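Asker: Quick one: the structure is below, questions incoming.
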Amino acid sequence: MTAGGRRGFDARVAHPARVYDYWLGGKDNFEADRIAGEATIAAYPAIRASARANRAFLARSVRYLAEAGVRQFLDIGTGLPTANNTHEVAQSVAPDSRIVYVDNDPLVLSHARALLTSSPEGATAYLDADLRDTDRILKLAAGTLDFTQPVAIMLLAILHYIPDLDEAQRIVARLVDAVPSGSYLAISHAASDISPEQMAEMIRRMNEHLAEGNHVGRTRDVVARFFADVDLVEPGVVKVTEWRPRSELEAEGPTSLWGGVGRKP
């Protein structure tokens with residue numbers, strides 16, 4: 001669940017994927033991650049609900065894409081396995097779906113290989129790579145995905161670890177350029193304009209514990225610009241809880257993330 005320099009495993013330093021796991025109530029985290037998790041919860045108590053809302057957005061968006069006919073998914077910044085992972089949702093709709101998971105945390109990849117197993121008709125693959133190494137991701141993913149056919153690019157809760165906006169926009173543009181018409185882009189991103197004071201403090205505390213201290217929030221308008229090369233599907237860029245929610249209760253839940261899905265024309 002991160003973008004950053006490639007590095008070895010170090011349980012003494014908090015990692016975004018493991019802090020996120022702690023927010024979700026998971027067990028695959030270490031003391032450094034729990035300390036970071038508690039510090040951020042103290043600043044923004046709704047962060048746990050927001051993390052759950054992001055997972056729910058993933059499930060709804062993947063289901064939407066699979067029902068729209070997408071059979072290939074490139075999930076970058078996978079995070080630790082939990083309920084309703086990308087391949088589980090996609091293959092429940094279309095068992096022949098093919099999914100490539102990408103992360104740069106060795107713990108994520110070891111769990112992914114053990115737990116994220118494909119249906120017999122489809123395929124899953126796991127890449128140890130960093131979002132900034134976009135060309136390498138695309139080259140390796142081509143071993144599983146057919147880039148002449150539509151691909152859904154999933155960038156959930158990862159672009160906010162690319163603090164340089166120009167670099168983040170170049171990465172998104174490169175990924176979108178690599179897939180054909182009919183492909184999709186799904187993004188969720190930490191907001192700087194939802195509960196702004198709490199979020200600013202939460203991000204400050206998070207960065208105190210990360211090796212790179214590279215977490216940033218962005219406004220809705222800035223997040224919307226990541227979709228410059230695709231056509232946003234309704235309802236556009238909204239709070240992740242408001243993206244095609246299953247109920248009014250879900251739509252009204254707390255979140256600190258903007259989200260959206262767009263189709264490449």
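Asker: What is the one condition in (1) in contact with a helix residue (DSSP H, G or I) (Cβ under 6 Å, 6 or more places away or on another chain); (2) in contact (Cβ under 8 Å) with a residue 12 or more places away in the chain that N29 does not satisfy?
Answerer: Here N29 clears every test but (2).
Asker: Sticking with this structure for a sec: If you go through the range 186-193 one residue at a time, do you hit one that is surrounded by fewer than 21 Cβ atoms within 10 Å (Cβ to Cβ) and under 19 Å from the mean Cα position of the chain (by Cα)? Full working, then the answer.
Answerer: As a first pass, look at the range 186-193 and keep what is surrounded by fewer than 21 Cβ atoms within 10 Å (Cβ to Cβ): 192-193.
Still in the list and also under 19 Å from the mean Cα position of the chain (by Cα): 192.
So far as the range 186-193 goes, yes, one or more of its residues are surrounded by fewer than 21 Cβ atoms within 10 Å (Cβ to Cβ) and under 19 Å from the mean Cα position of the chain (by Cα).
Asker: Same structure again: Please go through the range 156-178 and pick out each residue that is open to solvent by less than 10 Å² (accessible area, probe 1.4 Å) and part of a loop (DSSP other than H, G, I, E, B).
Answerer: A157, I158, I162
Asker: State yes or no: is R34 open to solvent by 20 Å² or more (accessible area, probe 1.4 Å), more than 16 Å from T255 (Cα to Cα) and not in a helix (DSSP H, G or I)? Write out each step before concluding.
Answerer: Details: open to solvent by 20 Å² or more (accessible area, probe 1.4 Å): yes; more than 16 Å from T255 (Cα to Cα): yes; not in a helix (DSSP H, G or I): no.
In short, no.
Asker: If N29 satisfies every condition in (1) at pLDDT below 95; (2) within 18 Å of the chain's Cα centre (by Cα) but one, which is the exception?
Answerer: Result: N29 passes all but (2).
Asker: Scan G213, G217 and give me the residue that is touching a helix residue (DSSP H, G or I) at 6+ places or on another chain (Cβ under 6 Å) and within 19 Å of S50 (Cβ to Cβ). Reasoning before the result, please.
Answerer: Working: G213 fails: within 19 Å of S50 (Cβ to Cβ).
None of the other options fit; the residue is G217.
Asker: What helices (runs of 4 or more DSSP H) completely inside the range 195-259 contain at least 3 residues that are within 27 Å of R34 (Cβ to Cβ) and open to solvent by 50 Å² or more (accessible area, probe 1.4 Å)?
Answerer: Numbers: elements: 196-209, 220-225, 248-251.
Passing ranges, in order: 196-209.
Asker: Answer yes or no as to whether V223 is farther than 20 Å from A66 by Cβ, touching a Pro at 6+ places or on another chain (Cβ under 7 Å) and of a type in the set (V, I, T). Quick ask: steps written out before the conclusion?
Answerer: Working: farther than 20 Å from A66 by Cβ: yes; touching a Pro at 6+ places or on another chain (Cβ under 7 Å): no; of a type in the set (V, I, T): yes.
Against the criterion (farther than 20 Å from A66 by Cβ, touching a Pro at 6+ places or on another chain (Cβ under 7 Å) and of a type in the set (V, I, T)), V223 does not qualify.
Asker: Sticking with this structure for a sec: Within the range 233-265, track down each residue that is within 20 Å of P150 (Cα to Cα) and free of Cβ contacts under 8 Å to residues at least 12 places away in the same chain. It would help to see each step written out before you state the result.
Answerer: Within the range 233-265, the subset within 20 Å of P150 (Cα to Cα) is 233-234, 260-265.
Selection gives E234 alone.
Asker: Shifting gears a bit: Among what's in the range 122-140 and is hydroxyl-bearing (S, T, Y) and at pLDDT below 95, pick the residue that is nearest to the chain's Cα centre (by Cα).
Answerer: If we filter the range 122-140 for residues that are hydroxyl-bearing (S, T, Y), which is where we start, we get 124, 126, 134.
Those still in the list that are at pLDDT below 95 too: 124, 126.
On the way: T124: 17, Y126: 15 Å.
Ranking the candidates gives Y126 first.
Asker: Collect the residues in the range 37-81 that are touching a Gly at 6+ places or on another chain (Cβ under 9 Å), β-branched (V, I, T) and not in a loop (DSSP other than H, G, I, E, B), keeping them in residue-number order.
Answerer: I47
The values are calculated or read from the model by the stated rules, or taken from the named source; none is laboratory data. Worth saying up front: this structure is predicted, and the values here are computed from it rather than measured. Cβ atoms come from the backbone with ideal geometry, glycine included; neighbour counts cover every protein chain shown. The protein model used for the area step is the full one, side chains on, heavy atoms only, and it has no ligands, DNA or RNA in it. Shrake-Rupley method; radii C 1.70, N 1.55, O 1.52, S 1.80 Å.
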